[in-house]
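The values are calculated or read from the model by the stated rules, or taken from the named source; none is laboratory data. Bear in mind the structure is a predicted one, so any value in this text is a computation, not a measurement. Every residue, glycine among them, receives a Cβ derived from its backbone with ideal geometry; neighbour counts consider all protein chains shown.
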Amino acid sequence: MVDAIPIAPELPFKQQIVELAAHLSRSLPNPDQTNTREFVASFESQLTAEEGEDISEEKKKEVVKALVAKFVELKGGLEAAKESEVESSHLLLQYLLSTSFEASSEEYSTAIKDVAEAVKKGAEGSSKSGRVEAGARILNNTYNLLPVSSSLRSSVLLTLLSLLAGSSDLSSLPLSPQTLTTALGQWQISSSDKVHFLTSASELYQSSGSLSKTLDLLTLALKESVEAQLVEKAILIALAVQDKFELDEVLKIQGVKEQLSGKAAEVVSLFEGDEIEAVGKGQKWVESNGSWVESAGIPGFTADSVLRKLRLIALVALAAKSETRQLEYAPVAKALAIDESEVETWVIDAIRSKLIVARISQPQSLIRIQSISSSSTSARRFGPSEWQLLEKRLSDWKKSVSEARAVVEEAEALAAQGPVVQQQRRGGNRRQGGQQQQQQQQSQGEGERQEEVVVA
């Protein structure tokens with residue numbers, strides 16, 4: 001969506017009215033020649049003035065209001081033969097409204113809102129193909145023709161979102177948080193009106209199944225007004241988003257934690273303490289509060305989804321704290337409160353959720369951690385135990401570097417002794433080295449045949 005500069009048509013006022021009336025006549029229930037002619041004539045007759053006199057401004061406004069009423073009655077007049085005619089007529093109507101009324105007047109505001117709602121109803125109820133897309137383009141044009149600071153932009157945009165949510169696909173109208181933040185700063189509307197727009201839009205996205213976008217809108221609404229009901233819904237939506245494993249985006253907003261209470265505060269506390277202990281606490285909590293979870297009525301927010309996130313977070317915590325970057329099945333099963341036979345399933349879920357990158361050794365019942373997502377809560381938390389682990393890993397790294405350096409120095413000393421000494425040494429060790437190499441290759445081959453690896 002971009003701002004547009006309207007180009008004023010080179011038509012006198014009377015001709016503009018006649019053109020719009022002629023367009024509307026095609027959407028009459030019985031658009032035969034007689035009805036069409038009478039309809040246009042009814043508007044044309046209102047614009048007859050005495051010779052040498054101009055039509056008064058009050059009379060012009062009266063005729064424009066009557067024309068708007070017909071647009072509303074005929075649901076935007078979307079039944080014209082060609083979609084291009086529909087769009088061009090609405091562009092002319094928008095120009096007519098902007099030149100007939102003051103932009104700040106109640107008359108102008110009412111006309112814009114009424115026409116936008118009529119277009120929405122006409123697009124939803126039309127039997128002709130392509131009318132939803134035509135209605136969406138008309139509303140998009142209306143939005144762009146309004147000044148960037150207009151308070152009507154929020155209303156028109158909400159009508160457009162409602163049309164797309166009910167009849168098409170909201171993804172066809174990309175609205176990033178950055179775009180909305182800029183628009184909210186430009187619209188001359190109160191903070192309560194901004195919250196109303198954001199919460200209404202979030203409900204439309206929620207109904208279409210886009211929970212991530214719903215959360216974005218609720219987060220913006222919380223920055224305008226921290227209300228207890230809004231806080232609770234944002235938390236529950238965040239928990240419902242399948243690939244979101246932390247609540248910081250909501251909790252970091254000033255005043256949110258103070259508004260948390262009841263069951264919402266309890267479920268948040270599960271994600272703020274020790275990750276391993278949270279699994280057991282979570283099991284008890286969902287057993288006691290299953291009915292409350294269901295009553296929330298948010299798709300994706302279930303007792304199972306809460307436990308899933310707690311278990312995956314615990315698995316990441318285990319991986320982050322492992323000194324050897326290896327996890328055996330048994331301790332993982334114990335920490336996640338699952339059977340050992342389920343460990344691989346949970347590891348694969350963590351890999352697909354991009355929380356970790358790991359390999360699974362089935363014969364050894366071992367998980368080899370390659371990397372951990374920096375966005376996970378466990379990876380970002382850094383306390384005394386993490387410092388100790390870092391010290392241990394640095395010490396191991398230092399030892400490995402020292403050993404590698406010793407090997408390099410030995411090789412350099414051997415090279416300095418000349419090719420004869422090297423050949424003698426290689427000859428003496430050739431048989432032994434060949435036997436060792438053969439044994440290593442055989443062992444490696446057997447290991448490869450036995451081990452099945454799953455890689456992220």
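A few points about this structure:
- Of the helices (runs of 4 or more DSSP H) contained entirely in the range 282-354, those carrying at least 2 residues that are under 27 Å from the mean Cα position of the chain (by Cα) fall at 303-321, 343-352.
- Test for K284: is it surrounded by fewer than 21 Cβ atoms within 10 Å (Cβ to Cβ), basic (K, R) and either on the phi > 0 side of the Ramachandran plot or free of Cβ contacts under 8 Å to residues at least 24 places away in the same chain (or both): yes
- Number of the condition not met by K60 [criteria: (1) without any contact (Cβ under 8 Å) to a residue 40 or more places away in the chain; (2) touching a Ser or Thr at 6+ places or on another chain (Cβ under 8 Å); (3) among the charged types (D, E, K, R)]: (1)
- Residue within the range 271-278 that is in contact with a strand residue (DSSP E or B) (Cβ under 7 Å, 6 or more places away or on another chain), of a type in the set (D, E), surrounded by 15 or more Cβ atoms within 10 Å (Cβ to Cβ) and over 22 Å from L215 (Cα atoms) present: no
- Residue selected from the range 80-113 under the condition touching a Gly at 6+ places or on another chain (Cβ under 8 Å) and over 15 Å from V156 (Cα atoms), by the criterion modelled with the highest pLDDT: S89
- Hits in the range 258-270 (condition: surrounded by 15 or more Cβ atoms within 10 Å (Cβ to Cβ) and more than 23 Å from P331 (Cα to Cα)): Q259, L260, K263, A264, E266, V267, V268
- A228 being surrounded by 15 or more Cβ atoms within 10 Å (Cβ to Cβ), more than 30 Å from E133 (Cβ to Cβ) and not basic (K, R): no
- Total residues in the range 98-156, condition part of a loop (DSSP other than H, G, I, E, B) and of a type in the set (V, I, T): 1
- Among residues that are surrounded by 15 or more Cβ atoms within 10 Å (Cβ to Cβ), among the acidic types (D, E), in a helix (DSSP H, G or I) and in contact with a helix residue (DSSP H, G or I) (Cβ under 9 Å, 6 or more places away or on another chain), E246 is not included.
- Any hit, the range 44-51, residues being among the hydroxyl-bearing types (S, T, Y) and more than 36 Å from the chain's Cα centre (by Cα): yes
- Looking across the range 217-243, the residues that are of a type outside the set (A, V, I, L, M) and closer than 22 Å to S261 by Cα come down to T219, K223, E224, S225, E227, Q229, E232, K233.
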